[in-house]
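Every number in this text was worked out from the coordinates using simple rules, so none of it is lab data. Just so we're clear, the structure is a prediction, and the values are computed from it rather than from any experiment. Glycine also receives a Cβ, built like all others from the backbone with ideal geometry; neighbour counts cover every protein chain displayed.
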Amino acid sequence: MSILSFIMSVFTAISFFFNSFPALFKQVSTVEINVDTSSYGMEMPNVVDNINVWHMGTMFYDAQRNEENDVFEFVKYVQLMQCTGGTPDRDLFIDPYDTSTLTDYKFEPLIENCRGILNLGAKPHLKLGGVPIKFTSGFEMGDFDMNVYPPDDFNAYYGYIKAIAEALVKEFGLEEVKTWRFGVMTEYENEQWFMAKSRLPEDSAIAYCKLYDYTVQALLDVIGEDVFVGAHSMTVTEGLWDEEIFIRHVAEGINYANGKKGTRICFLSASFYDSRPGEFTSGYTLPETIGYLKGKAEKYGLNGLIYGIDEGRILSGNTSGKDDSQLLNRTTGYTWQAAYDARLFSQAILSGADYFSSWNYLTGSNLYGYPIISYHVAQNMAKFEGMKLLSADTMAVKTSLKVEVGNLVAVDPETGDFRAMVYNFKNDLDYKGKAEVTLNIPSADGKKYKVTQYLINDDCNYFDEWQEDRVKYNITDNCFAWSPDDPMLDNSTTLSDPKAIEIYKTELRDKYIECAKLTPTEFEVTVEEGNISLNINLEAGNVVFFEIEEV
């Protein structure tokens, strides 16, 4: 055999070998999803109806909807974190340091922010429980720059919360305030948010139960027995003490504020953070996080509670800015984030969560900027609200290692319309694999359906162009304060270098506004062989939503 013939035979053998294992080498997953329409499952919530705000400041004073990209089309609750105290600029007093008076109230900042939220068409979700510094002798600030110690006098604290509730009712009316949500503390078992002065777990648990009881009693005494109130724990990772202590207390313990058995509670929420892209949390998974709270609540007879995630997503990026590697928005800008979000929201719904709160959906805030990739997922996810979940049998003909091709399918029982979502996810930013998906939904032969398809990919994301432009304009990692993987280019904690900001604003921003637009496509299908059959090839990190309406 000649050398050339030998080389050609080896090349042919290698080519045959590679072509024989496409899932391994070409990273192509083939999946068939067969939907069961014979029975209906749970009613779908609007899992994206809550956003959380770190510090209200004057954010919602005279707030206006972003007409082109209106987050408040699907957001119904705005969570103002620690909005009644814990730092001098959060404490609602004329002089936060003046301990000679505990009643020099200054409630206008809270009132004006609540007014702005209502004008946006949403409802306030007020996180109470932050202890004003003048209520705590020898107060101490934790990692979040909040007073972590309880009040010296719980009755004085009760009077403060009661006065806040009275001011809100006076301004907005009792019936309106009854439609709001109230929480007590952020991550109550996290010692960087709250603990007893002894720092002991047992004392800290008692101190929080007291704080909860006195806060709730103040709300009950003003708003009434049907006030909507609950508590936010960390849960995804271990805190200073076990949440079960608190859950047992509100279910059957002696109320510290009124001496009776139990304390009103309507919801339990948690945090959920993965570490970074490619690295899941070392703590509970999202289903385990929700399951832990729900399991403990039902153990003590607390049935019918609402469960949610009050903050979360991803803590850090894979690249660091000059000051930190944290993700300001707790999301990345890569299209990969779309599949990450779709997977997480699906897990939340299937685990019984009512909502998963997010930080921001636009490049500047929830009021300013253009869409980050997460906006498109949330906007379409919200449309499932009120529909009935359908079970689906997912058959993986072939899949690459650790690839998840997940789905949600639901029906409107009154109209017979369907909605579906499919995503192609792997916890790896470098994942490039495709998913060839067939979705089969039973229907009568001959029926015609109009299908509106929303394909969330690089074509509706500016971040791929941004990566190219960073090279072109030499915008290095040091031009960012926090992780360059973050999508919020209109915030100086992300893009911080003055020269880079000028380039972005004058040369690039208008282009990115166009790049971030999602344009749906429409087509018609006719039912054959008893199924509405939809075929789509999903690139890595892509998500597709289908709206399927009978013609």
I need the phi-derived Karplus couplings for the range 368-375: 6.51 cos²θ - 1.76 cosθ + 1.60, θ = phi - 60°, integer Hz, Gly and Pro marked x.
10, x, 10, x, 7, 4, 5, 4
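Please report the equivalent ellipsoid semi-axes of the chain, computed as sqrt(5 x eigenvalue) of the Cα gyration tensor, largest first, in whole Å. Don't skip to the answer; put the middle values down first.
Details: eigenvalues 407, 155, 107 Å².
Rounded to whole Å, the semi-axes are 45, 28, 23.
Could you grab the Rg to Rh ratio for the range 400-551? Cα atoms only, Kirkwood for Rh.
Numbers: Rg = 20.1 Å, Rh = 18.1 Å.
Expressed as Rg/Rh, it is 1.11.
Could you work out the relative contact order of the range 51-385, using alpha carbon pairs under 8 angstrom and six or more residues apart, expressed as a whole percent? Show your work: numbers first, answer last.
Numbers: 636 pairs, mean separation 47.8, N = 335.
Contact order relative to length: 14 percent.
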Once the mean of 1/r over all distinct C-alpha pairs in the range 177-231 is inverted, the Kirkwood radius in Å reads 12.0 Å
Compute the angle between helix 243-252 and the longest alpha-carbon principal axis of the chain, please, reported from 0 to 90 degrees and rounded to the nearest 10.
60 degrees
Between helix 201-223 and the chain, what is the angle of the helix's C-alpha long axis to the longest principal axis, kept within 0 to 90° and rounded to the nearest 10?
80 degrees
Which ³J(HN,Hα) values, rounded to whole Hz and listed in residue order, are derived for the range 543-551 from phi using the Karplus coefficients 6.51, -1.76 and 1.60 in 6.51 cos²θ - 1.76 cosθ + 1.60 with θ = phi - 60°, glycine and proline given as x?
9, 10, 10, 10, 10, 10, 10, 5, 7
Give me, ordered by chain and number, the residues 5 or more places off D152 or on other chains with an amide H under 5 Å from its own placed amide H.
T136, S137
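Can you give me the Rg/Rh ratio for the range 461-525, using Cα atoms for both radii and the Kirkwood formula for Rh? Display every interim value, and only then the final one.
Working: Rg = 14.2 Å, Rh = 12.7 Å.
The Rg/Rh ratio comes out at 1.11.
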Of the listed pairs K178/K517; K106/K210; K426/K517; K426/K499; K432/K499; K127/K383, those with alpha carbons more than 31 Å apart are K178/K517; K426/K499; K432/K499
Under the 7 Å Cα-to-Cβ spin-label approximation, N34 and E140 lie apart by a distance in nanometres of 6.2 nm
Expressed as an acute angle from 0 to 90° and rounded to the nearest 10, what is the orientation of the C-alpha long axis of helix 108-119 relative to the principal long axis of the chain?
40 degrees
